[in-house]
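The structure appears below as structure tokens.
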Amino acid sequence: MIAALAWRNIWRQPIRTALSMVGMGFAAMLLVFMLSFEFGSYDTIKTGMLRISDGFGQIQPKGYKDDPAIDKVIEEPTALMADLAGVGAVTASSARDMAFVLLARGNLSFAAAVTGIDPVQENRITVVSSYVKQGRALRAGDRDAIILGDGLARNLGVKLGDRITLLGSARDGSVAADVLRLVGIFKSNIPEMDRQVAQIPLARFNETFQMNGAVNTVALSGRTLRDITAASGRLRRIAARHGLVYLDWAQLQPAIKQGIALDLSTAMTMYATLIFVVVFIILNTLYMSVLERTREFGVLLAIGMKPRQIGRMVWMEIIFLSLVGTGIGVVLGMILTGWFQVHGISFQGLQEVYAQFGLPSRIYPHMTPFRVLFGPLVMLAAVVLLAVIPYRRVLGLKPVSAMGAGG
Amino acid sequence: MSNIVSCRNVSKVFGHADLAVQALQGINLDIHAGDFATLAGPSGSGKTTLLNMIGALDTPSSGEVVIDGQPLARLTAAQLSEIRLHKVGFVFQAYNLIPVLSARENIEFVLELQGVPGAERKERALNALADVALEGLADRRPAQMSGGQQQRVAVARALVSRPAIVLADEPTANLDSKTSEELIALMYRLNQERGTTFVIGTHDPGVMAHSKRHIQLLDGRIDGDGQG
């Protein structure tokens, strides 16, 4: 009956209770949406950036990340990729070579990073082929084809069909030289990439640079970045078995990780402020309600209710009110977030900026149990814990003085 | 005749130093089982303070109060709650029912605090309502009842726990004369039929007319104690 009493007590002032619930509900709804949007946008940023060139993870020779020398190689990429195919989360893996070279056309030459790729596998990992604005992307069966970033093509003064001379160092230290035909020009809107990157078929790279079947890295992808992240442990073990290292997204793009951490700390400060304000508004309301009922609590003490029982009843009122308010907020937050999760949020005028980071023009919030429940549960816990303030007030009541109080 | 309440040299001082008020001075009083006593006196004579002492709502500055054989000195707040719950029933001037509970639930609430099982609680609450002739209003909340009806529910609530003593502080002060007469007749009947001990603080001559024992207070002292 104490629980029933507590429930009825919170409806004595229905407008005040409704307003308190609306306050908590709105805050909970906002937290569900904002956290889902925040983390959803991080997912989009990470995925977008990784799909430009890195892939969701890479297996490399030790030390290759800091010093990408051509002679640091994976000798048996086929065996490694066979092992990767056994990892359910991995939907594609692609061997790559990379070398810093001079590309020349006539009297003009420019430094470039040329990558040897398997076009079929690479298309399942990165989106470079979608950036091709002139000509076409590399495709299976290409022999002497090369594609360039549009800045590099402009600097070299080349057009589709032109021959480009490549000059670099092969794996064995000898001179690597080749003549390739320009089949496509891509524009990623990332200036460094457009000015410096070229791609040629992996087989051609292998011949030109004397790789003898070895590759520099194996990039991989999954249905989602989350799937690959979850499989990190297994991927590390596979890499170690081959004497290699596995780099996850954060190791491939540490700047993104730091940027997200910085943004998250700012956002969390804002959420904490929101929770702080809402919790103290609610507590103020509840404390007022306790003060107003001091006389009634005195009567309850007089008829034999113990101070702790009254305190528990007040605590129960706070829990009921908070649960209902937060519960409604979570449901509304899920409905709101669910709608935007399907339709996305478009930021008009920012498409160009987003494109520079490989991002789509629409950002999609993404709900997970953690994102939905974390904020509201923190708020709920704060209210329930801070309810110790009115609880202690009730514990200190004496029947005679309480009955002599107003209210 | 056994004593339900014994007060020995009970004094109560409110405030300190120059602002101290001596509300009770050396009260010696025994309330016997089956008493139907009125506690009368002018305003400020100490009626309510003495009822608070007898009811374990407050503790004396000096002296001793014993309820049903249990000395109250040195009991904790929780232990005093237990004494009030099991040995004392209260009827207040302003009824003081819980507004969000029905008449039956107000009565049942005391039994729940005592740990009485649900089915027995309900039966005893309905019987208590029948005793005060309100069985038809079991599901009404206080705001849906008249003052007299609310005070009868308060009497039923005070009696349902089968206390050693029922204390009533100005129970008729908010009631018209007819309703007051009915309420006092009800309490008197319960005293006669069941032997329930009542101590009633009052100014009301109609109440005093029913009392079997009349205790007169003046300036915190007992100024008279005799048969009504």
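The values are calculated or read from the model by the stated rules, or taken from the named source; none is laboratory data. Owing to the predicted nature of the structure, the values given are computational and were not obtained by experimental measurement. No Cβ is skipped: glycine too gets one built from the backbone with ideal geometry, and neighbour counts run over all protein chains shown.
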(request) Select, from A:Gly141, A:Gly157, A:Gly135, the only residue that is in contact with a strand residue (DSSP E or B) (Cβ under 9 Å, 6 or more places away or on another chain), of a type in the set (Gly, Ala, Ser) and free of Cβ contacts under 8 Å to residues at least 12 places away in the same chain. (result) A:Gly141
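Table: residues versus (1) surrounded by fewer than 17 Cβ atoms within 10 Å (Cβ to Cβ); (2) of a type in the set (A, V, I, L, M); (3) within 14 Å of another protein chain (Cβ to nearest Cβ).
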site	(1), (2), (3)
A:Ala18	yes, yes, no
A:Met34	no, yes, no
A:Gly40	no, no, no
A:Ile52	no, yes, no
A:Phe56	no, no, no
A:Gly63	yes, no, no
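Conditions (1) surrounded by 14 or more Cβ atoms within 10 Å (Cβ to Cβ); (2) within 13 Å of chain B (Cβ to nearest Cβ), marked per residue:
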| residue | (1), (2) |
| --- | --- |
| A:Leu252 | yes, no |
| A:Ala261 | no, no |
| A:Ala267 | yes, no |
| A:Phe276 | no, no |
| A:Ile303 | yes, yes |
| A:Gly311 | yes, yes |
| A:Val314 | yes, no |
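Rundown of residues vs (1) touching a residue at least 40 places away in the same chain (Cβ under 8 Å); (2) touching a Gly at 6+ places or on another chain (Cβ under 6 Å); (3) away from chain A (no Cβ under 14 Å), yes/no style:
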position	(1), (2), (3)
B:Ser161	yes, no, no
B:Ala168	yes, no, no
B:Asn174	yes, yes, yes
B:Ser177	no, no, yes
B:Val207	yes, no, yes
B:Asp225	yes, no, yes
(request) Confirm whether B:Asn28 is in contact (Cβ under 8 Å) with a residue 12 or more places away in the chain, of a type in the set (S, T, N, Q) and buried (at least 19 other Cβ atoms within 10 Å of the Cβ). (result) no
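Looking for whichever is closer than 19 Å to B:Thr197 by Cβ and at pLDDT 90 or above here; the options are B:Val132, B:Val110. Which one fits?
B:Val110
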(request) Go through the stretch B:95-105 and give me each residue that's closer than 15 Å to B:Ser146 by Cβ and more than 9 Å from chain A (Cβ to nearest Cβ). (result) B:Tyr95, B:Ala103
(request) Determine, yes or no, whether A:Val299 is in contact with a Phe, Trp or Tyr (Cβ under 8 Å, 6 or more places away or on another chain) and hydrophobic (A, V, I, L, M, F, W, C). (result) yes
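Scan the strands (runs of 3 or more DSSP E) fully inside the stretch A:114-216 and keep the ones with 2 or more residues being out of contact with any Gly (no Cβ under 7 Å at 6 or more places or on another chain) and under 26 Å from A:Ser93 (Cα atoms).
A:145-149, A:197-201
Scan the stretch B:121-144 and tell me whether some residue there is at the interface with chain A (Cβ under 9 Å from one of its Cβ atoms) and either surrounded by 15 or more Cβ atoms within 10 Å (Cβ to Cβ) or farther than 22 Å from A:Trp11 by Cβ (or both).
Applying the first criterion (at the interface with chain A (Cβ under 9 Å from one of its Cβ atoms)) to the stretch B:121-144 yields B:121.
Next, only the ones that are either surrounded by 15 or more Cβ atoms within 10 Å (Cβ to Cβ) or farther than 22 Å from A:Trp11 by Cβ (or both) stay: B:121.
Checked the stretch B:121-144: at least one residue is at the interface with chain A (Cβ under 9 Å from one of its Cβ atoms) and either surrounded by 15 or more Cβ atoms within 10 Å (Cβ to Cβ) or farther than 22 Å from A:Trp11 by Cβ (or both).
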(message) Looking only at residues that are surrounded by 15 or more Cβ atoms within 10 Å (Cβ to Cβ) and more than 14 Å from chain B (Cβ to nearest Cβ) in the stretch A:282-296, which one is farthest from A:Gly375 (Cα to Cα)?
(response) A:Val290
(request) Could you look through the stretch B:69-92, keep only residues that are crowded, with 18+ Cβ neighbours inside 10 Å and in a loop (DSSP other than H, G, I, E, B), and pick out the one that is farthest from the other protein chains (Cβ to nearest Cβ)? (result) B:Leu72
